[in-house]
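Here is the structure we will look at, set down as structure tokens.
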Amino acid sequence: MSGTSPALQPPADAVRPVRHPDAPAPGELLGAHYGQCFGCGGEQPHGLHLEARAGEGVSVTAEFTVRPAHQGAPGLAHGGVLASALDETLGSLNWLLRTIAVTGRLETDFVRPVPVGTVLYLEAEVTAVAGRKIFSTATGRIGGPEGPVAVRAEAMFVEVKVDHFIDNGRPEEIRAAMNDPDQVRRARAFEVNP
């Protein structure tokens with residue numbers, strides 16, 4: 001990253017992240033955390049439909065295909081959509097920690113244009129944890145998992161309680177998520193983003 005802000009530098013007392021013993025196994029598809037999520041939800045017609053898989057340690061890989069609805073300049077992905085893909089991938093890391101966290105800060109570098117029709121291959125990992133703060137990095141490549149870097153990001157997520165969503169979300173969606181009989185889906189609904 002160029003020009004990383006001090007807010008994204010882990011403090012001296014930060015510790016290495018520890019994968020939760022109940023985290024999905026490496027290679028396991030994480031699935032959508034919420035059907036209406038713009039990043040990963042299957043119920044969003046113009047969403048990214050990003051699919052993340054657990055990696056080794058506290059890392060994930062993800063993919064999404066840039067569709068015409070995601071363009072900014074003619075034929076190219078909108079920078080905000082690419083930032084959303086990075087944010088969604090970084091947020092998926094919290095499932096490996098089994099922590100509810102929201103994006104506190106996200107900094108992105110746009111290295112090269114990403115054409116419509118391109119599959120963006122994303123990798124992310126947690127680099128440090130300091131109290132409620134979770135520090136992580138991500139890259140997005142085109143042409144394959146080893147292809148040239150198109151985008152990259154550094155982020156700091158902040159651990160929150162489920163009350164954060166209950167107090168700030170729309171009541172009908174909160175009720176629907178809270179009433180889901182599937183304990184895992186219920187927990188995952190409150191996984192990422194403010």
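Taken over the range 4-32, the criterion of being surrounded by fewer than 11 Cβ atoms within 10 Å (Cβ to Cβ) and β-branched (Val, Ile, Thr) is satisfied by Val15 alone. Only one of these is farther than 23 Å from Gly75 by Cα, more than 12 Å from the chain's Cα centre (by Cα) and not hydrophobic (A, V, I, L, M, F, W, C): Gly104, Gly117, Gly144. Name it. Going through Gly104, Gly117, Gly144 in turn, just one is farther than 23 Å from Gly75 by Cα, more than 12 Å from the chain's Cα centre (by Cα) and not hydrophobic (A, V, I, L, M, F, W, C): Gly104.
Examine the range 17-27 for a residue that is hydrophobic (A, V, I, L, M, F, W, C) and under 22 Å from Gly143 (Cβ atoms), and state whether such a residue exists.
Restricting attention to the range 17-27, the residues satisfying the condition of being hydrophobic (A, V, I, L, M, F, W, C) are 18, 23, 25.
Of the ones still in play, those that are also under 22 Å from Gly143 (Cβ atoms) are none.
Checked the range 17-27: no residue is hydrophobic (A, V, I, L, M, F, W, C) and under 22 Å from Gly143 (Cβ atoms).
Gly3 passes every criterion in (1) at negative phi; (2) at pLDDT below 90 apart from (1).
Residues checked against (1) at pLDDT 95 or above; (2) under 12 Å from the mean Cα position of the chain (by Cα); (3) under 22 Å from Thr103 (Cα atoms):
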residue: Tyr34; (1), (2), (3): no, no, yes
residue: Cys37; (1), (2), (3): no, yes, yes
residue: Glu43; (1), (2), (3): no, no, no
residue: Gly47; (1), (2), (3): no, no, yes
residue: Arg53; (1), (2), (3): yes, yes, yes
residue: Glu56; (1), (2), (3): yes, no, no
residue: Val60; (1), (2), (3): yes, yes, yes
residue: Ala69; (1), (2), (3): no, no, no
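The values are calculated or read from the model by the stated rules, or taken from the named source; none is laboratory data. Values in this document were obtained by computation on a predicted structure and should not be read as measured data. Virtual Cβ from ideal backbone geometry, glycine too; neighbours counted across all protein chains shown.
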